[in-house]
Structures are given as C-alpha cells and as structure tokens.
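J.: Below is a structure I'd like to ask you about.
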Amino acid sequence: MSQGGGAAAAAAAENGVSPGNVPVCYYGTAGRVPAAVERRVRAAELFLRCATCGLAVLAAALLSADRQTRTFFSIEKEARFTDMQSLVFLVIANGMAACYSLLQGARCMVSILTGGVLVSRPMAWAIFFCDQVMAYFTISAVAVAMEAAMISKYGTMPFQWMKTCQLYKRFCAQAGGAMACAVAASLNMVLISLVSAFNLFRLYGSGKGSK
C-alpha cells in the first residue's frame, strides 16, 4: 500500500501536481517552489523595498534641509545642496528610488495579503528591468556625489581647489550622513535586483526530459 502511495505521489509530482502532503507553489509548466521558500522570498523583498524607501527618503530630506551660513568680511555666504550639481542629482535619484520602492512595496504587500504569485513572464521581465535600471541609477548618483564630496573634503592641489569642508563643517557632516543613507539605499537596490532576477528566472523551470 505504501509503495502504491509513493508511486502515485511520484507520478503526481512528475505531472506538476502536489501530492497533498507537501506545500508547493507552481510557476509555469515545470517550476515548483516550496511554500516556505516563497514566503521567505516575499518577506525579504518587502523588507528590502521598505528599507530602500526609508533610506532614500532620509537621504533626500537630509540633503534638502542641509544649509549653513558663514560670514566672510561682512559678507554672508550660505552653503546649500543646490550649489553642487552632484548633490542635486543625488536628491533627484533618491526621490525617484523612494517613489519606486513605495509602489513596488505596495505591490509586494498586496501579493502577500492576497496570496497571489507572480506567474506572468512579461510582468516579471518588466519588474526585473526596472529594478536593474534603478539600481544602476542610484549607484551612479552615489558615485558622482562621493567624488564631489572627496574634492570638498580634501581639495585638489593641481587645480588649486580649496578644502571647503573646513569652512562648512556642519554642512559637510550632514551631507556625509545623507550620502551614507544613499549608499545603503543603493546597496539595497542591488539586493532587490537579485531577488527580482530570482523571481524572473524561476519562471523558466526545466521541462520534462531536460536537465
């Protein structure tokens, strides 16, 4: 009797049908993902997207509110993030990343609450492509801002650019905290792109007779 039950379970699994004693999520004609793995993937994706949204909002807010006024020979000079185009680019990039992460986080939350799965290959490709573009976009914004920050802190002797952070220490300190948040947000976007790649390529499960 046990051999017959085992043969039936094996035949059901071969046909892509759960035998009834193993929770399985199905993707395509042959892709089978355990329900426990599916829950962990969904929870990880939701956490990363929410963390990215929070870090991006914090980075943009810190930079937008960053300003310091100094007096030089009775002339007041105010330092703001708009004085450096790289910081403006960083604020825009983090704003876009925050909005995008918020929308995708809402999608993940709806998917978790409704118990639905991502089975549409065009949708998976669209999410994968958008995640890749956003990851590269945030990394490039952070790289440009970091270069400008290094010049502001250490200067460049060949061009006789002075160390402006010695004059605006509070401004540079707050900008440094904002860039740290932006770096963390960009790293989260890289992890999200890996998750979306997993969600995409598992839709192309191996068929019968193939490895």
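J.: Return the only residue of 196, 111, 186 being more than 20 Å from residue 57 (Cβ to Cβ), at pLDDT 85 or above and either assigned to a helix (DSSP H, G or I) or touching a His at 6+ places or on another chain (Cβ under 8 Å) (or both).
T.: On the way: 111 fails: at pLDDT 85 or above; 186 fails: more than 20 Å from residue 57 (Cβ to Cβ).
None of the other options fit; the residue is 196.
J.: I would also like to ask the following. Report the residue count in the range 153-176 for those that are open to solvent by less than 30 Å² (accessible area, probe 1.4 Å), modelled with pLDDT of 80 or more and of a type in the set (Gly, Ala, Ser).
T.: 1
J.: Could you list all residues from the range 34-76 that are touching a Ser or Thr at 6+ places or on another chain (Cβ under 7 Å) and open to solvent by 80 Å² or more (accessible area, probe 1.4 Å)?
T.: Answer for the range 34-76, where residues must be touching a Ser or Thr at 6+ places or on another chain (Cβ under 7 Å) and open to solvent by 80 Å² or more (accessible area, probe 1.4 Å): just 76.
J.: While we're here: Taking residue 79 and the conditions (1) exposed (fewer than 15 other Cβ atoms within 10 Å of the Cβ); (2) at pLDDT below 85; (3) closer than 20 Å to residue 152 by Cβ, which numbered condition does it fall short on, given that it satisfies the others?
T.: Residue 79 satisfies all of (1) exposed (fewer than 15 other Cβ atoms within 10 Å of the Cβ); (2) at pLDDT below 85; (3) closer than 20 Å to residue 152 by Cβ except (1).
The values are calculated or read from the model by the stated rules, or taken from the named source; none is laboratory data. The model shown is predicted, which means the values in this text are computed figures rather than measured ones. Glycine also receives a Cβ, built like all others from the backbone with ideal geometry; neighbour counts cover every protein chain displayed. Just so you know, the surface numbers come from the protein's heavy atoms only, side chains and all, with ligands and any DNA or RNA stripped out. Shrake-Rupley method; radii C 1.70, N 1.55, O 1.52, S 1.80 Å.
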